[in-house]
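Notes for the one structure printed next.
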Amino acid sequence: MTPPGHPERLERAEVMDVIAANWRAGGGEVLPPRPATDDELGRVHDRGYLGRIADIAGRAVALDPDTYTSPESAEIARLAAGAALVAVERVMSAGGSALALVRPPGHHAERDRAMGFCIYNNVALSAAHGRALGARRVAIVDYDVHHGNGTQHIFESDASVLYVSTHQFPYYPGTGAADEIGKREGEGFTVNLPLDAGATGDDYRVVFQEVIVPVLKQFKPDLVLVSAGFDAHERDPLGGMRLTTDAFAAMTGELRLVAEECSNGRLALVTEGGYDLGAFASSLEAVVDVLAAPRPSLNWPSPGAEPARGRAAADLTKSALAPFWRL
Ligand SMILES: [Zn+2]
């Protein structure tokens with residue numbers, strides 16, 4: 001059972017329920033989740049690991065020092081993964097965008113172990129599903145404040161899945177340096193933007209406009225996925241960044257524009273972290289507005305001081321990736 005005071009708590013699901021209810025009340029479509037199948041989970045996770053998770057069904061255990069289960073966790077994690085797959089199915093068949101409102105989050109989950117509140121790697125499973133449904137190239141952009149170690153490791157040798165992450169660095173989980181650029185055939189297809197604590201919307205604007213968007217346009221994804229974590233918000237109790245709600249809208253708008261240019265608009269967001277309930281709710285509302293607007297707007301917060309953190313991260317990443325992308 002999750003101990004009292006744990007940030008990844010039930011109230012986060014209640015926030016997401018309100019977002020979905022408001023969307024439905026406005027005439028929007030809300031699709032139910034389905035459980036991910038063993039074969040779908042097996043595209044990303046080891047069979048032995050899947051067996052271990054199946055064995056904890058009905059029990060409350062600690063999978064790692066941060067990751068606790070309740071008796072329902074095995075079933076809920078399978079539904080969370082399945083909800084992300086439903087989002088991918090929708091955008092692959094109908095185009096446009098979708099938002100999978102899920103917990104537990106996923107991007108720390110490795111092929112063979114749970115980690116950092118995550119059991120199954122929802123966004124990695126989504127990328128594998130997109131590939132199975134015909135996407136030749138899938139881009140994952142992860143703007144959660146933490147580095148998505150699991151997602152990076154799962155695809156680090158795979159040139160068909162580009163992984164791009166902005167994250168506080170150094171910070172949990174410790175991975176995500178600019179010189180982690182992928183391995184073997186996947187070299188160049190891991191793009192890390194490690195930002196010092198205290199980064200603002202201006203810093204994120206620099207890394208999006210100078211690195212992330214240009215790399216995405218050169219990669220030309222058939223499907224864009226987002227690990228949509230909101231713990232880089234200035235009010236978040238875990239993250240040390242200073243993003244406002246508007247910055248999440250601006251980042252999402254940039255990614256919508258890339259999807260419209262490269263992938264017929266196919267854009268699926270999967271929630272990750274976000275532990276201040278008010279900031280989580282307002283950021284999700286802003287993201288929904290960006291996805292639903294007739295045209296995406298790019299209202300980055302107005303520039304303030306010199307964005308030194310963004311500049312430093314962009315420079316490190318550009319030099320690490322110089323052999324692979326025109327930046
Ligand atoms: Zn996070």
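Bear in mind that the values in this text are calculations on the coordinates, not laboratory data. The structure presented is a predicted model; accordingly, all values stated were derived computationally and were not measured. Cβ sites come from the backbone with ideal geometry, for glycine too, and all protein chains shown count toward neighbours.
At a glance:
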| read-out | value |
| --- | --- |
| Table column - 3J(HN,Hα) (Hz), region 146-156, Karplus curve with 6.51, -1.76, 1.60, x for Gly and Pro | 9, 6, x, 4, x, 4, 4, 5, 5, 10, 5 |
| Rg(Cα)/(2.2 N^0.38 Å) for region 224-270, N = residue count | 1.28 |
| Volume in Å³ per residue [convex hull over Cα atoms, computed for region 1-132] | 99 Å³ |
| Overall form of region 174-243 per C-alpha gyration tensor (a/c, 1.5; a/b vs b/c) | prolate |
| Mean shadow area of region 129-177 over all directions, Cα convex hull, nm² | 3.4 nm² |
| Choice from Gly310, Gly48, Gly253 with maximal GNM fluctuation in the chain (Cα, 10 Å cutoff) | Gly48 |
| Residues His6, His153, His147 arranged by fewest to most Cβ contacts within 10 Å | His6, His153, His147 |
| 20 Å cut-off, amide nitrogen to a point 7 angstrom out along Thr37 Cα→Cβ, residues in region 122-153 | 122-135 |
| Nonlocal amide H pairs with Tyr68, under 5 Å, H built at 1.01 Å | Leu63 |
| Helix-only [θ]222 nm of the chain, DSSP H runs n ≥ 4, -39500 (n - 2.57) each, per residue, nearest 500 | -12500 deg cm²/dmol |
| Virtual spin-label span in nm between Val18 and Glu187, 7 Å along Cα→Cβ | 5.0 nm |
| Share of alpha-carbon pairs per 10 Å distance bin for the chain, given as whole % | 6, 29, 38, 22, 4, 0 |
| Chain lengthening between Glu75 and Phe324 when straightened (0.36 nm per residue, less Cα-Cα) | 85.5 nm |
| Once the Cα gyration tensor of region 261-327 is diagonalised, semi-axes √(5λ) in Å | 27, 20, 14 |
| Relative contact order (%) - the chain, alpha-carbon pairs under 8 angstrom, separation at least six | 18 percent |
| Under the Karplus curve 6.51 cos²θ - 1.76 cosθ + 1.60, θ = phi - 60°, whole-Hz ³J(HN,Hα) for region 311-320, x wherever Gly or Pro sits | 4, 5, 5, 4, 5, 4, 5, 4, 6, 5 |
| Low-density loop cleavage sites - trypsin sites (Lys or Arg not before Pro) in region 165-248, where at most 15 other Cβ are within 10 Å (DSSP) | Lys183 |
| In order through region 188-201: 3J(HN,Hα) via Karplus (6.51 cos²θ - 1.76 cosθ + 1.60), integer Hz, x for Gly, Pro | x, 9, 10, 10, 9, 10, x, 10, 4, 3, x, 4, 10, x |
| Amide H within-cut-off set for Thr271, under 5 Å, with H built and near neighbours excluded | Ala100, Val102, Ala228 |
| Alpha-carbon centroids, region 4-36 and region 206-242: separation in whole Å | 22 Å |
| Residues Met115, Met241 arranged by fewest to most Cβ contacts within 10 Å | Met115, Met241 |
| Centre separation in Å (Cα based) which lies between region 248-327 and region 79-152 | 17 Å |
